[in-house]
Amino acid sequence: MKISRIKTTPLLVPYKKPYIWAQGVVHGAGVLLVEVHTDDGIVGIGECVATPSAVAIQSYLKLAEGICVGRDPFEDTRLMGECYHTLFQVFGTISAPRFSGQVFAGLEMALWDVMGKATGRAVHELLGGAVRDEIAYFGFPQGETAEEIASEAREMADAGHDVIYVKVGRGDALDLDIVKQVRASIGPEKRLRMDSNEHWSPVRAARMIRKMAEFDIDMVEQPTNAESVSALAQVRANSPVAIAADQLVFTPYDAYNVCREKAADLIVVGLHESGGIARFRKIAHIAEAAGIDICLHGLYETGITTAASNQMAATLSNLDDGNQFMNHLLQWDIVKKPDLALRDGRLAVLPGPGLGLELDTDAVARAAEVHIKDSENTGCS
Ligand SMILES: [Mg+2]
């Protein structure tokens, strides 16, 4: 079996309501659908996060196609290594392991989908088998005001989520109001986590965490600048609340540095940072050796990433129970089957084969049209 073609299609699936975080506002999931075709008729599905420019990611994957066509998809690890070397290392000045994760994630997950479909096995079976039956996700309420967020948080707590996660870093007074109102709305039993997305200095983080601690915070995610392991370690050393590294960790080397410096109690990472399933598992294993857990990160993605993450997470012994779920933000998903809606904040491990999903071709066409219209309006394709 040989790879015969890699087809890519830019899509934009609008969100139900604006996604507000410390760095700005996002209105939809801009992704690049990746379809890896083989000479015996298998089509593997994946997706890349394609913001801010789908054309840019598409151009890189066109170069990767030149390396992959004619090769066996079971050469996944070697192919990804060759693609990284050719696209990012040969020219020296553009060595970019973090950006390469965004470029290669969709291709790598599509290769796993091909391997699963070719063998009639779920990806988690190819990875050694599931060590759990379901993945647990946090409730992720959205809103402009503390009242809106607290109201949605209550609905999510009632729907069965054990962990509620909110974005802060939007201004100290508003942050405190959000945490206070969300805690009041979800009651004392649910675990409450917050993410200030690098928006605080160590001093400000110490002050905010001290003030928020009275609302029984379970964890604070990436409070400080993502370039600095030492800043996070400094916050953690004096924090009464557990600290997570998110934007600090893209590669296995990042994970090693965070573990070595004891900078975090938890590592949050996603397929679009690691560059796919194989490298994500390396990160998880490094964290496991340090005795800490891994939490699935979410980006502006569709059910394709949910399915791929589900397959991989099924195999991780050190998976956290408050993982990030993004599908509820979408006006519609491009996955037809299976139903990816959560039950009691959980999703069963998908049976496969491959990633275990079937695309909704009408929904894909609609999202492709939205991307084209948005490109015409914004000039950003
Ligand atoms: Mg985060």
Next item on the list: For residues that are touching a Ser or Thr at 6+ places or on another chain (Cβ under 8 Å), within 29 Å of Leu266 (Cα to Cα) and free of Cβ contacts under 8 Å to residues at least 40 places away in the same chain, scanning just the stretch 322-358, find the one that is farthest from the ligand (Cβ to nearest atom).
Entry: Leu340
Next item on the list: Kindly provide the set of residues from the stretch 265-296 that are open to solvent by less than 20 Å² (accessible area, probe 1.4 Å) and part of a loop (DSSP other than H, G, I, E, B), ordered by number.
Entry: Gly270, Gly275, Gly276
Notebook entry, point to check: Quick check: is even one residue across the stretch 309-323 out of contact with any helix residue (DSSP H, G or I) (no Cβ under 9 Å at 6 or more places or on another chain), more than 23 Å from Val26 (Cα to Cα) and in a helix (DSSP H, G or I)?
Noted result: no
Next item on the list: Please go through the stretch 192-207 and pick out each residue that is open to solvent by 70 Å² or more (accessible area, probe 1.4 Å) and within 16 Å of the ligand (Cβ to nearest atom).
Entry: His199
Next item on the list: Being assigned by TED's automatic domain parsing to the domain that holds Gly139, open to solvent by 10 Å² or more (accessible area, probe 1.4 Å) and away from the ligand (no atom under 16 Å from the Cβ) narrows it down to one of Thr315, Thr302, so name that one.
Entry: Thr315
Checklist line | Test result for Thr306, among the hydroxyl-bearing types (Ser, Thr, Tyr) and not in a loop (DSSP other than H, G, I, E, B) | finding: yes
Next item on the list: Would you mention how many residues in the stretch 154-167 are under 16 Å from Ala242 (Cα atoms) and in a loop (DSSP other than H, G, I, E, B)?
Entry: 0
Notebook entry, point to check: Which one of Ala213, Ala157, Ala226 is at pLDDT 95 or above and on the phi < 0 side of the Ramachandran plot?
Noted result: Ala157
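Suppose the filter is at pLDDT below 95, over 21 Å from Asp321 (Cβ atoms) and in the same structural domain as Pro141 (by TED's automatic domain parsing); does Ala206 pass it?
no
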Notebook entry, point to check: Failed condition for Thr93, given (1) closer than 28 Å to Leu350 by Cβ; (2) modelled with pLDDT under 95; (3) outside the structural domain of Asn327 (by TED's automatic domain parsing), with all others met?
Noted result: (1)
Notebook entry, point to check: Only one residue in Ala136, Ala150, Ala146, Ala122 is more than 19 Å from the chain's Cα centre (by Cα), in contact (Cβ under 8 Å) with a residue 40 or more places away in the chain and buried (at least 19 other Cβ atoms within 10 Å of the Cβ). Which one?
Noted result: Ala122
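For (1) closer than 19 Å to Ile304 by Cα; (2) crowded, with 16+ Cβ neighbours inside 10 Å, each residue gets a yes or a no:
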| residue | (1), (2) |
| --- | --- |
| Arg5 | no, no |
| Val13 | yes, yes |
| Lys16 | yes, no |
| Gln23 | no, no |
| Gly41 | no, no |
| Ala50 | yes, yes |
| Leu79 | no, yes |
| Ser95 | no, no |
| Ala105 | yes, yes |
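Yes or no, residue by residue, for (1) within 12 Å of the ligand (Cβ to nearest atom); (2) more than 23 Å from the chain's Cα centre (by Cα):
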| site | (1), (2) |
| --- | --- |
| Ile209 | no, yes |
| Glu214 | no, yes |
| Met219 | yes, no |
| Glu227 | no, no |
| Pro252 | no, no |
| Ala263 | no, no |
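The values are calculated or read from the model by the stated rules, or taken from the named source; none is laboratory data. What you are looking at is a predicted structure, and each value in this text was computed from that prediction instead of being measured. A quick note on method: Cβ atoms are made from the backbone with ideal geometry, for glycine too, and the neighbour counts reach across all protein chains shown. Accessible surface is based on the protein model in full, side chains and every heavy atom, while ligands, DNA and RNA are left aside. Shrake-Rupley method; radii C 1.70, N 1.55, O 1.52, S 1.80 Å.
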